[in-house]
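The values are calculated or read from the model by the stated rules, or taken from the named source; none is laboratory data. Keep in mind that what you see is a predicted model, and the values were worked out from it rather than measured. Using ideal geometry, Cβ is built from the backbone for each residue, glycine included, and neighbour counts are taken over all protein chains shown. Surface accessibility is based on the protein's heavy atoms, side chains included, excluding ligands, DNA and RNA. Shrake-Rupley method; radii C 1.70, N 1.55, O 1.52, S 1.80 Å.
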Amino acid sequence: MNIAINFSNPFVLIFLIGTIASFLIHHFLEFIDYKARKKNGGTLPKELQEIPAANVFDQEKLKKISEYENAKYFAWIPSSVCNLVLDFALIIFGFYPFIFDKICLISGFPSSIGSCFVCFFLFMIISSIPGEILSIPFSLYREFVVEKRFGFSKMTFKLWIIDYLKEGILSIILSALLTIVASIFFVKCPSSWWFILAAVLICFTFIMQIIYPKFIAPLFNKFSPLEEGELKDKLSDLLQKTGFVSDGIFIMDASKRSGHSNAYFTGFGKSKRIVLFDTLTKTLTADELVAVLGHELGHFKLKHILKRLIFTIPLEFVLLFALYKLAQFTDLYTGFGFANITAQNVSSVQFIGLFLAILIYGSISEIISPITNIFSRKDEYAADKFSVEHCNNKEDLISALIKLNSDNLSELLPPKLYVFWNFSHPTLIERIAALKKIK
């Protein structure tokens, strides 16, 4: 492969500068977080010292939290560096135009829906292979060294392989479906595909909300209806009290793979279901689980999901329109080494322009991530307040949050700048401080 990149091209410059800036920002934030752990990792925050439930944070636990976070940090550094090198290598040595030219030799220059689909699909699959190959050793190390060392991973190598193959097959199937739909619009509607494709992606998201809980999630985990008893009675009372109609409450066999605990809502409309990790039911009391569920119900009843949709749906159209506009510039293609693409045939290869535009957007997306996190943390506070108001006992939610933080070995005192930039949830200390103010 010949070096084909044009370093003076404005699109290439944005990609290079954005990628380096995101890399440096991320490493700076992780480093100050690491330094903060070295300084404060063995100290129990004063906000927790008077809470009985916080007795779980003894010196051994505080040390283990720091060691776990450090292990993840030191595993992330080489992964991040290798990904940066790979991203630059694929661009600088003209990997993407190279595979595009080879695909065109096989399927011909995309002029029909069929040839557009073949080119687009093969291009997307082949272009993702280097990143997938690079991710495998780091993923294995995190799973079988870091997570095993701290008692979280219950994964076997056979199960890891099976999961990896299932995810790959599902990804290929869904990519093929979206690619054939996109190819139709690229060929038939070369000037308005952005609008139709945005609508298709939004519909696809809603459809997946219905399909995922019943057909995709069971491919990886077993979901059993919550058994009759005190816990089900209390959770059902809360659902009835808040007017939440669901497809049921299910226990997921999360312990088959990991010791981490969680709970979540999934589905849409009548397919909504509540999922509790089996690890969670072993850790929390019935009242604490009710408080956690009250928090999740708060997101629904306070219309956080609806508000997010009202914001993201127009944004989806704006983003696709911006990507469409970028895909019309021949400089975008020539700058990244696609020498065979000219102003005359650019409409036939807009999927390449879409791919390059997404690359550029991805390089600067890290810089704008704090904006979404601000609104997310605000919603978390509101959901906590909803739980207290409807479960009538903030002590249960406080003790549940402490147990979850302890069991998942989450750090207690990350730097404020790190939280501002990376955290979609407030820290444990911040949530407890806010809960204490609720009367």
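Points worth noting:
- Residue within region 331-342 that is outside any helix (DSSP H, G or I), of a type in the set (Ser, Thr, Tyr) and free of Cβ contacts under 8 Å to residues at least 40 places away in the same chain present: yes
- Screening Ser191, Ser183 for residues that are open to solvent by 60 Å² or more (accessible area, probe 1.4 Å) and not aromatic (Phe, Trp, Tyr) leaves exactly one candidate, Ser191.
- Scanning region 110-126 for residues that are buried (at least 16 other Cβ atoms within 10 Å of the Cβ) and either under 13 Å from Asn345 (Cβ atoms) or hydroxyl-bearing (Ser, Thr, Tyr) (or both) yields a total of 4.
- Selection from region 249-272 of residues that are within 10 Å of Pro213 (Cβ to Cβ) and part of a loop (DSSP other than H, G, I, E, B): Gly267, Phe268, Lys272
- Scope region 125-168; condition of a type in the set (Val, Ile, Thr) and either touching a Lys or Arg at 6+ places or on another chain (Cβ under 7 Å) or closer than 28 Å to Leu409 by Cα (or both); matching residues: Ile136, Val145, Val146, Thr156, Ile161, Ile162
- The combined condition, being among the aromatic types (Phe, Trp, Tyr), open to solvent by 60 Å² or more (accessible area, probe 1.4 Å) and in contact (Cβ under 8 Å) with a residue 60 or more places away in the chain, is not fulfilled by Phe215.
- In this entry, Asn393 passes the filter for residues that are touching a residue at least 60 places away in the same chain (Cβ under 8 Å) and of a type in the set (S, T, N, Q).
- Count of residues meeting criterion [within 27 Å of the chain's Cα centre (by Cα) and either free of Cβ contacts under 8 Å to residues at least 60 places away in the same chain or open to solvent by 40 Å² or more (accessible area, probe 1.4 Å) (or both)] in region 62-87: 17
- Subset of region 302-320 (residues that are loosely packed, with under 15 Cβ neighbours inside 10 Å, more than 19 Å from the chain's Cα centre (by Cα) and under 18 Å from Leu239 (Cβ atoms)): Lys303
- Qualifying residue in region 360-370 (condition: at pLDDT 90 or above, open to solvent by less than 70 Å² (accessible area, probe 1.4 Å) and closer than 30 Å to Gln328 by Cα): yes
- Answer from Lys148, Lys158 - the residue that is surrounded by fewer than 15 Cβ atoms within 10 Å (Cβ to Cβ), out of contact with any Ser or Thr (no Cβ under 9 Å at 6 or more places or on another chain), closer than 21 Å to Pro78 by Cβ and without any contact (Cβ under 8 Å) to a residue 40 or more places away in the chain: Lys148
- Check on Asn55, open to solvent by less than 20 Å² (accessible area, probe 1.4 Å), among the polar types (S, T, N, Q) and over 26 Å from the mean Cα position of the chain (by Cα): no
- Filtering region 40-78 to residues that are under 24 Å from Phe138 (Cβ atoms) and of a type in the set (Ser, Thr, Tyr) leaves Ser66, Tyr68, Tyr73.
- A single member of Ser236, Ser153 is open to solvent by less than 40 Å² (accessible area, probe 1.4 Å) and closer than 30 Å to Asp287 by Cα, and it is Ser153.
Rundown of residues vs (1) of a type in the set (D, E, K, R); (2) touching a residue at least 40 places away in the same chain (Cβ under 8 Å); (3) closer than 28 Å to Asn408 by Cα, yes/no style:
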position	(1), (2), (3)
Ile251	no, no, yes
Ser271	no, yes, no
Lys282	yes, no, yes
Leu293	no, yes, yes
Phe300	no, yes, yes
Leu306	no, no, no
Phe311	no, no, no
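- The residues of region 1-52 that are within 26 Å of Lys63 (Cβ to Cβ), open to solvent by less than 30 Å² (accessible area, probe 1.4 Å) and small (Gly, Ala, Ser), listed by number, are Ala36, Gly41.
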